[in-house]
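Here the structure is laid out as structure tokens; the discussion comes afterwards.
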Amino acid sequence: MAETKAFVNGIMYSWANARFVVEGEAIYGITAIKFDSKMNMENNYGQGQKPIGRGLGNIESNGNISIYQEEMDKLQEKAEDGMLFNLDPFDIPVTFFTKDKQTTYILKNVQFMNNGIDIKSGDTSVQCSIDLIISEVVKQ
């Protein structure tokens, strides 16, 4: 009888094996990260009602992180007037790794777009959601 493998793909990427670096410093207090790239595409029309081709436009990358207030305080210390959007553009490498494999996405020329706190009754921690503007996402 054939023996089946418990893990066909082995250990897969997960939050537990992700690493983030901001301004050259590992940030452990990030609780969520989202980033994507989107290309503007538009159908082009000629005679009739159906498209005869497609035009490709700009690629736009953006994202968002959720971060504990204590980590945000560290970043604000590096920023003029404590405003995160005053930091110069920087890259954020986001690395996923397992024992056998590593994949890194570089978020290029990132800047924080907002600076604030959102806390309510009953919260046991203070987390901040920060929007990111990104020039491009490069997979290494």
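Structural remarks
- Residues (of a type in the set (A, V, I, L, M, F, W, C) and at pLDDT below 90) located in region 93-117: V94, F96, F97, I117
- Answer from D100, D88 - the residue that is over 17 Å from V138 (Cα atoms) and without any contact (Cβ under 8 Å) to a residue 40 or more places away in the chain: D88
- Pairing each residue of region 17-28 that is on the phi > 0 side of the Ramachandran plot with any residue that is of a type outside the set (K, R) and not in a strand (DSSP E or B), provided the two are 6+ apart or on different chains, yields C-beta distances under 9 Å for E23/L75; E23/L87.
- Cross-chain or 6+ apart pairs with Cβ under 7 Å, region 4-15 first and under 13 Å from T103 (Cβ atoms), then outside any loop (DSSP other than H, G, I, E, B) and modelled with pLDDT of 60 or more: Y13/F96
- Among residues of region 127-140 that are at pLDDT 95 or above and surrounded by fewer than 19 Cβ atoms within 10 Å (Cβ to Cβ), none has a beta-carbon under 8 Å from a residue that is outside any strand (DSSP E or B) and among the hydroxyl-bearing types (S, T, Y) at least six positions away or on a different chain.
- Selection from region 73-87 of residues that are in contact with a strand residue (DSSP E or B) (Cβ under 7 Å, 6 or more places away or on another chain) and either surrounded by fewer than 14 Cβ atoms within 10 Å (Cβ to Cβ) or assigned to a loop (DSSP other than H, G, I, E, B) (or both): L87
- Test: residue in region 53-61 that is more than 17 Å from D131 (Cα to Cα), at pLDDT 90 or above and in contact with a Phe, Trp or Tyr (Cβ under 9 Å, 6 or more places away or on another chain): yes
- Residue in region 22-41 that is of a type in the set (K, R), touching a Gly at 6+ places or on another chain (Cβ under 9 Å) and either farther than 27 Å from D118 by Cα or at pLDDT 90 or above (or both) present: yes
The values are calculated or read from the model by the stated rules, or taken from the named source; none is laboratory data. Keep in mind it's a predicted model, so treat the numbers as computed, not measured. Counting neighbours? That spans all protein chains shown, and the Cβs are built from the backbone with ideal geometry, glycine included.
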